[in-house]
Amino acid sequence: MKFSEKSDYGFAVGRVRAKEPLLIKRNEYERMVSVKSEDELLSMIKQIWHLETAEREANKLENLLTFARDDNASFFSRYCTDLLVKELFLDLKILKTNQLTSYLQNLNNEFLIRYFTVAIDLENIRSFIRIKNLATREKQELPAMRSGSETTQKKLFSKNYLNGGSIEQSTLSELLPESWDNIIHWSDKTPYKYCIEKGINYLLEQKSFIRLERLIQEEKQKILIQARYAVFGYEPLVAYYLFKENEIRNLRKIFYGITENSPISQIRESIACIL
């Protein structure tokens, strides 16, 4: 994979390399899912993050995670000198207003194109599976609603479909009436077979999207991990920013799981991490 290799990011990449070892690893999450209280989880996170200043010594986990997210965005914004790259990740409207294609064309960066292609494909697959599952439940509960339901599904999917991926809207729309087995069989032709098959099987067995959501996040992380091979350029900075965002989401899931007394197996299943 080709990277931008911009030499003016040398200092930024050095800062990223210093921060990367502090990203939470799978074995550390494993310890966290077993804690019994917010205070215990908060203490464990502070130790892993090596927090020292009074500002970071929050006594509530939500405050600490809010600070961490603001700090991550500030770090990215400070060291990212390419305005288009900065906007691409900090302006949430870009994806929703279909401006992504023009941004990627202007940047002409293989890493970013690959990342967003995968991210959009997976977001469309997520929408597809959720809409398909909703329609399946409606058919089971209200058989009389079957007439016209296929058209309704396609309209709903059309509203949620994002442009810029490699899977055409028509391809997924035509799959909506198909059985889950046929959808899994179709996934053999895609790079997302494992994610789709495991996610659907877990959904059918456990009536939960937890595994699908986790696998989607981990598929995106597999692209990000390649930025570690870049010596210069903004790619390592982008990857670190997104890994940190994922880390904060994981910690919120653990926190909510603990406060709601969720089974440890369920909390563990929700944690997306390839480190």
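The values are calculated or read from the model by the stated rules, or taken from the named source; none is laboratory data. Computed from a predicted model, the values in this text were never measured in an experiment. Cβ placement follows ideal geometry from the backbone for every residue including glycine, while neighbour counts extend to all protein chains displayed.
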Boolean, Ala54 is at pLDDT below 95, surrounded by 16 or more Cβ atoms within 10 Å (Cβ to Cβ) and among the small types (Gly, Ala, Ser): no
Subset of the range 16-47 (residues that are under 26 Å from Glu235 (Cβ atoms) and surrounded by fewer than 16 Cβ atoms within 10 Å (Cβ to Cβ)): Arg17, Ala18, Lys19, Glu20, Pro21, Leu22, Lys25, Arg26, Glu28
Cβ-Cβ under 9 Å pairs, at least 6 apart or on other chains, the range 23-34 side closer than 20 Å to Tyr240 by Cβ, far side polar (S, T, N, Q) and part of a helix (DSSP H, G or I): Ile24/Asn250; Tyr29/Asn250
Helices (runs of 4 or more DSSP H) lying entirely in the range 68-131 (those with 3 or more residues that are closer than 19 Å to Glu235 by Cα and over 19 Å from the mean Cα position of the chain (by Cα)): 100-107
Within the range 192-275, helices (runs of 4 or more DSSP H) holding 1 or more residues that are under 19 Å from Ile120 (Cα atoms) and charged (D, E, K, R): 193-206, 210-224, 235-259
Count of the range 205-233 residues which are surrounded by fewer than 14 Cβ atoms within 10 Å (Cβ to Cβ) and hydrophobic (A, V, I, L, M, F, W, C): 2
Complete set of residues in the range 168-191 that are assigned to a helix (DSSP H, G or I) and either closer than 21 Å to Phe116 by Cα or small (Gly, Ala, Ser) (or both): Gln169, Ser170, Thr171, Leu172, Ser173, Ser187
Which numbered condition Ile200 misses (of (1) within 28 Å of Asp71 (Cβ to Cβ); (2) among the aliphatic types (A, V, I, L, M); (3) modelled with pLDDT of 95 or more): (1)
Matching residues, the range 181-204, being buried (at least 17 other Cβ atoms within 10 Å of the Cβ) and over 22 Å from the mean Cα position of the chain (by Cα): Ile183
Every residue from the range 147-167 that is in contact (Cβ under 8 Å) with a residue 12 or more places away in the chain, farther than 13 Å from Phe116 by Cα and in a loop (DSSP other than H, G, I, E, B): Tyr161
When residues of the range 169-228 are limited to those that are in contact (Cβ under 8 Å) with a residue 60 or more places away in the chain and in contact with an Asp or Glu (Cβ under 6 Å, 6 or more places away or on another chain), the one nearest to Glu269 (Cα to Cα): Ile210
Test: residue in the range 26-43 that is closer than 28 Å to Glu110 by Cβ and part of a helix (DSSP H, G or I): no
